[in-house]
Amino acid sequence: MEFTAIYYLIPALIMFCAGVYGFITRKNMIAMLISLELMLNAVDINFVVFNRFLFPEAMEGMFFTLFAIAIAAAETALAIAIIINIYRSNKSVDVRTLNEMKF
Amino acid sequence: MDYSQFLTMKQELGLLVVFLLVFLYDTFMPGRTQKALPAVTTVLMLLLTVAGFCPCVLGTCGETVAFSGMYETSPVICAIKNILNIGVVIVLLQSIQWANSDGMRMRRGEFYELLLVTLFGMYLMISSRHFLMFIIGLESASLPLAAMTALNKDSHESHEAAGKYILTAVFSSAIFMMGLSFVYGLCGSLYFSNIYVSVASEMNLMLVCAVAFVIAGIGFKLSLVPFHLWTADVYQGAPTSVTSYLSVISKGATAFAFMAVLAQVFGTVYSQIWEWMLYALIILTITVGNLFAIRQRNMKRFLAFSSVSQAGYIMLGIIAYNAMGVAAMMYYILVYIFSNLAAFGVIGAIENATGRVSMDDYRGLHKTNPRLSFAMMLAMFSLAGIPPFAGFFSKFFIFTGALNQGSIAIYVLVLIALINTIISLYYYLLVVKAMYISDEDCVIPTFRSACSERLGLWITVGGIIFLGLVSCIYSGLLNMMADSALSIFFI
């Protein structure tokens with residue numbers, strides 16, 4: 001059995017949709033952050049697969065993935081720092097407590 | 001590798017030097033000289049702005065393309081960077097008083113360093129002609145802003161705003177990158193010029209998805225309407241100086257980068273795909289922004305929704321898709337910088353002196369602080385587009401530019417925008433009414449704002465009055481655009 005690009009793209013798409021679903025339904029900020037990571041990793045898989053199967057002559061997709069991983073790490077670090085700040089002032093990481101400002 | 005091509009990035013290098021000097025000053029200078037840091041940053045930024053206007057120092061001469069086409073500069077790109085520089089100088093000027101307050105003593109340097117880094121990211125975003133460079137610019141322009149939003153560590157609102165901002169920012173950049181991966185899968189390259197050539201032959205549902213994702217990702221930064229929900233909360237929670245930076249500089253840079261992406265990457269599928277998306281977005285943005293602005297009582301929240309609807313007007317310059325539209329958009333951004341910063345200058349001055357930001361507190365302000373209320377009135381008139389202030393001319397030019405596109409749909413769009421201008425008049429005048437007509441017993445007492453704040457307000461008020469009357473600015477922009485329309489639209 002030969003593995004073509006579609007065998008990798010479908011799981012990536014499922015990961016992305018699971019990330020979107022998790023981001024919308026989760027109430028815990030850490031869980032929301034994990035969902036965001038799922039989405040970003042799905043993007044990475046997409047780039048690598050397109051590069052490997054469709055355009056193997058250049059390495060553009062691989063390099064984009066490397067940078068995307070670094071950017072995702074920076075985003076997570078910053079988000080965690082902000083969530084810790086919120087925890088200190090709120091004693092909770094539930095997004096429903098972030099309701100001081102609305103409409 | 002030829003290292004001399006770094007010299008093409010003159011303005012970026014200049015900004016990097018400013019950043020390093022500020023960083024070294026913050027790190028190594030003794031504690032008693034630290035109070036001068038805001039002033040030093042402002043002066044350095046002013047020097048950079050002046051240098052940007054001299055063609056031989058930081059302007060464009062010699063090479064315009066570097067890194068095999070990943071980076072590009074041109075007179076138009078230099079002009080938008082200069083416009084941003086002017087705005088940053090005013091923001092820095094208005095932030096001096098706040099940055100020297102007691103609560104900011106430990107974090108003064110961080111504010112200026114993060115601000116300069118985000119500006120660097122915006123420069124990259126405007127100049128990039130490759131999506132890898134673009135995403136690095138976009139992220140370094142948006143991530144430090146989350147840290148800047150959280151700068152006020154004592155305030156719960158500041159944390160809440162930063163939390164909302166970072167989560168939505170990462171979500172939108174994930175969607176944006178998903179769109180990019182689709183584009184890469186279709187075209188096999190991330191260079192703007194390569195995609196431009198091959199995108200028209202790939203007309204299918206995947207491309208529509210990709211364009212929609214890219215528009216959604218950048219639309220978040222511009223706070224276009226279905227993606228605007230973070231705007232009001234972040235503007236309200238962030239410190240006022242950060243809010244003013246976020247609302248003018250970040251928005252102006254993103255609008256120009258958005259134009260570059262749509263014209264230079266998806267230019268060939270303009271009428272098939274994204275023209276209709278933008279019609280829907282613009283109508284929603286202007287209308288919803290206006291309607292929500294009417295019910296706001298907090299001044300920062302009010303200006304947040306006003307800036308949402310202003311973003312819709314800026315988008316008219318993109319949908320026009322001609323040289324006049326781009327010139328009008330740049331002029332609009334310039335005028336918007338001056339009018340919005342005047343409003344934020346007044347809000348910041350009053351907040352620093354009394355700590356009040358509600359519209360009800362502004363009642364009867366003209367009795368105690370006539371100059372501040374006069375500046376606020378001019379800002380509101382300019383934002384609403386009342387002649388002879390600059391806002392009228394910028395709206396006039398952007399409508400004309402859009403109408404030049406010529407289709408029936410654009411006439412309907414401009415008509416809707418015009419009706420919305422009249423709606424916006426109502427809520428902008430609510431502020432003027434509160435200051436000049438409403439009576440109140442407990443008026444904000446008379447106070448004298450700091451020297452730097454007054455200087456910032458004089459500059460912005462001067463800009464509001466004279467930018468509209470000095471016609472050579474707009475015609476200069478238009479001439480420059482006519483010369484380089486070729487390089488923007490690849491026509």
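Residue count for segment B:160-182 under the criterion of being in contact (Cβ under 8 Å) with a residue 24 or more places away in the chain, open to solvent by less than 10 Å² (accessible area, probe 1.4 Å) and facing chain A (nearest Cβ under 7 Å): the result is 4. Residue pairs whose Cβ atoms lie under 7 Å apart, separated by 6 or more positions or on different chains, with the first residue in segment B:183-203 and within 18 Å of residue A:64 (Cβ to Cβ) and the second open to solvent by 50 Å² or more (accessible area, probe 1.4 Å) and of a type in the set (Asp, Glu), are B:186/B:202; B:187/B:202.
Inclusion of residue A:72 among residues that are surrounded by 18 or more Cβ atoms within 10 Å (Cβ to Cβ), within 9 Å of another protein chain (Cβ to nearest Cβ) and in a helix (DSSP H, G or I) is warranted. Where helices (runs of 4 or more DSSP H) fall wholly inside segment B:183-301, the ranges with 1 or more residues that are in contact with a Pro (Cβ under 8 Å, 6 or more places away or on another chain) are B:205-222, B:275-294.
Among the residues of segment B:429-462, those that are small (Gly, Ala, Ser) and surrounded by fewer than 16 Cβ atoms within 10 Å (Cβ to Cβ) comprise B:438, B:462.
For residue A:81, indicate whether it is in a helix (DSSP H, G or I), at the interface with chain B (Cβ under 9 Å from one of its Cβ atoms) and out of contact with any Lys or Arg (no Cβ under 7 Å at 6 or more places or on another chain). In short, yes.
In segment B:101-131, which residue that is of a type in the set (Asp, Glu) and closer than 17 Å to residue B:20 by Cβ is most open to solvent (accessible area, probe 1.4 Å)?
Within segment B:101-131, the match that is most open to solvent (accessible area, probe 1.4 Å) is B:110.
The residues of segment A:30-49 that are more than 7 Å from chain B (Cβ to nearest Cβ), under 30 Å from residue A:99 (Cβ atoms) and either touching a Phe, Trp or Tyr at 6+ places or on another chain (Cβ under 9 Å) or of a type outside the set (D, E, K, R) (or both), listed by number, are A:30, A:31, A:33, A:34, A:35, A:38.
Only one of B:420, B:352 is at pLDDT below 90, in a helix (DSSP H, G or I), touching a helix residue (DSSP H, G or I) at 6+ places or on another chain (Cβ under 9 Å) and of a type outside the set (D, E, K, R). Can you tell me which? None of the others qualify; the one that does is B:352. Of all residues in segment A:50-61, those being more than 7 Å from chain B (Cβ to nearest Cβ) and either modelled with pLDDT of 95 or more or open to solvent by less than 10 Å² (accessible area, probe 1.4 Å) (or both) number 1. Taking the criterion of being at pLDDT below 90 and either open to solvent by less than 30 Å² (accessible area, probe 1.4 Å) or of a type in the set (A, V, I, L, M, F, W, C) (or both), the only residue of segment B:12-33 that qualifies is B:29.
Against the conditions (1) buried (at least 21 other Cβ atoms within 10 Å of the Cβ); (2) on the phi > 0 side of the Ramachandran plot, residue A:91 satisfies every one except (1). Taking the criterion of being small (Gly, Ala, Ser) and crowded, with 19+ Cβ neighbours inside 10 Å, the residues of segment B:463-475 that qualify are B:463, B:468. Filtered by the rule that a residue be touching an Asp or Glu at 6+ places or on another chain (Cβ under 9 Å) and either closer than 18 Å to residue B:181 by Cβ or surrounded by 22 or more Cβ atoms within 10 Å (Cβ to Cβ) (or both), segment A:1-32 gives A:12, A:19, A:29. Checking segment B:224-235 against the condition returns a match, with at least one residue being closer than 30 Å to residue B:114 by Cβ, of a type in the set (A, V, I, L, M, F, W, C), crowded, with 23+ Cβ neighbours inside 10 Å and more than 13 Å from every other protein chain (Cβ to nearest Cβ). The residues of segment B:187-235 that are charged (D, E, K, R) and more than 26 Å from the chain's Cα centre (by Cα) amount to a single one, B:202. Taken over segment B:404-416, the criterion of being open to solvent by 40 Å² or more (accessible area, probe 1.4 Å) and in contact (Cβ under 8 Å) with a residue 24 or more places away in the chain is satisfied by B:404, B:405, B:416.
The values are calculated or read from the model by the stated rules, or taken from the named source; none is laboratory data. All values reported here derive from a predicted model rather than from experimental measurement. As a convention, Cβ positions derive from the backbone with ideal geometry for all residues, glycine included, and neighbour counts pool all protein chains shown. Keep in mind that these areas ignore ligands, DNA and RNA; they rest on the heavy atoms of the full protein, side chains included. Shrake-Rupley method; radii C 1.70, N 1.55, O 1.52, S 1.80 Å.
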